[in-house]
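The structure under discussion appears below in the form of structure tokens.
The values are calculated or read from the model by the stated rules, or taken from the named source; none is laboratory data. Keep in mind that what you see is a predicted model, and the values were worked out from it rather than measured. As a convention, Cβ positions derive from the backbone with ideal geometry for all residues, glycine included, and neighbour counts pool all protein chains shown.
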Amino acid sequence: MISFSIIQKTQLEGAMRIDAEYYQLEYLDILKKIINSNSFTLESIVSKITQGPNPQFIDSGKICLNGRNVKNNRVDSEKSNYISEKEFVDFNNFKVKVGDILITLKGLGSIGKTGYVFNEIDGIFSRDVGLIRVKDEKLSRFVYAFLLSKFGDKQIERSVTGGTGQRTLATNYIKNIQIPKFDESLITEIADNISESEQNYELSKSLYQRAENFLLEELDLKDFDSEENLSTIVNFSDIMEARRMDAEYFQPKYAKLISKIESQNRKRLGDLVSMKKGIEIGAEQYQEEGKLFIRVSSMGKFEINGSDQKYLNEKLYDELKNNFQPQVAEILLTKDATPGIAYVLKENIEGIISGGTLRLKLKEKIEAEYLALCLNSIIGQMQAERDAGGSVIAHWKPEQIKNVVIPILPTETQQKIAELVRQSHEARKKAKELLKSAKRKVEEMIEKGGEK
């Protein structure tokens, strides 16, 4: 059935857009509900809305945030770009502050992601990121929750322009986003939800760090020196045994790590678990909705990330699920691109894992969370780095993964470590629930017409 919208000429002139996509009924319905709640433009409550500059990136230096730094509705500095001290000074007007909201402006599949700056970051942001700086901190947290709600998300989606592969989000459109006028007490309640969410997120990080520190201290690896040597001497027999002759593989740090682990009770990973590889279905099978197709880019040590997710149809899912759907308590371990990310599946999931991920099923008595932590720590990461290094796209082979050396600490110690990890996951889960609660309150109030 054909759907259409009738638009006044004045509306066309105000938006500076005449494409039909901009005036889809779902966007107009969203705006109508917000305006019925009384509203104001985002521009009216900010001190700054701007796109980042285009500096020259270098290997190390001052932080320059990019689209990868906006993830899971937060902003962090991991995997950032770097710029020189001079450019950092030149672009001082683009330095981020606590309370800023960053939004990705480019990138197919990731455009329109929103994150909040909860902690101090001594850096600027690049041209593929936009900044929203609200004048009032409490109101900033409310705006953040609103932008994550369907009423904010749809306005962001509506503002995207350009053809396939060239789509961008312009800050000129962002400033015209309509924000509902809410009762002050409700704004405070939503802002408090956001603050409590962040507190639980920080608690989660702290608990996980405690678990990792406990593990490394028990193994005398807490301050392990992982610096690389400029040269090393290797026996020809070692080269033949490893079937490798690249210098990176024979860095002394790897032998030193293995020696530390082998001084303890230890086992090969292949003796502890059975392994089953995922499947590649081909990009032509991807859909925008349906059953999950869990790729390496979706994997994290704390969760399966829902952003930029791909899906497959029900028929293909039914054909594959018996062999490739992960089960609760299995450990998912990435082997390609970013090898060595381990996650213990906490709940049933209707989805298929890609060929870049392995399903590990315990076949010996060992705490799953303890084993996953070993793999995510320097114990697993350095072995993955050694085995999979030396190529443009890293590939960690299953036969190499089976030979990963895992320290076996006493059961009681494993349980203490695993409990800290479980507490970390619970705190992170609560953080997500509080964020969802804040979004839900925004949506409910708009649906009610802004009346409390």
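Which condition number in (1) within 20 Å of the chain's Cα centre (by Cα); (2) at pLDDT 95 or above; (3) under 21 Å from residue 146 (Cα atoms) is the one that residue 73 fails? With respect to (1) within 20 Å of the chain's Cα centre (by Cα); (2) at pLDDT 95 or above; (3) under 21 Å from residue 146 (Cα atoms), residue 73 is out only on (2).
Here's the yes/no breakdown for (1) assigned to a loop (DSSP other than H, G, I, E, B); (2) assigned by TED's automatic domain parsing to the domain that holds residue 71; (3) touching a residue at least 40 places away in the same chain (Cβ under 8 Å):
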residue	(1), (2), (3)
293	no, no, yes
322	no, no, no
347	yes, no, no
361	no, no, yes
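With respect to (1) surrounded by fewer than 16 Cβ atoms within 10 Å (Cβ to Cβ); (2) touching an Asp or Glu at 6+ places or on another chain (Cβ under 6 Å), the lone exception for residue 149 is condition (1). Could you go through region 406-418 and let me know if any residue there is assigned to a loop (DSSP other than H, G, I, E, B), crowded, with 20+ Cβ neighbours inside 10 Å and in contact with a Phe, Trp or Tyr (Cβ under 7 Å, 6 or more places away or on another chain). No, because not a single residue in region 406-418 is assigned to a loop (DSSP other than H, G, I, E, B), crowded, with 20+ Cβ neighbours inside 10 Å and in contact with a Phe, Trp or Tyr (Cβ under 7 Å, 6 or more places away or on another chain). Screening the candidates 311, 249, 286, 254 for the property of being assigned by TED's automatic domain parsing to the domain that holds residue 339, at pLDDT below 90 and in contact with a Lys or Arg (Cβ under 7 Å, 6 or more places away or on another chain) yields one hit, 249. If you go through region 20-63 and pick out every residue that is closer than 19 Å to residue 179 by Cα and in a loop (DSSP other than H, G, I, E, B), you end up with 2.
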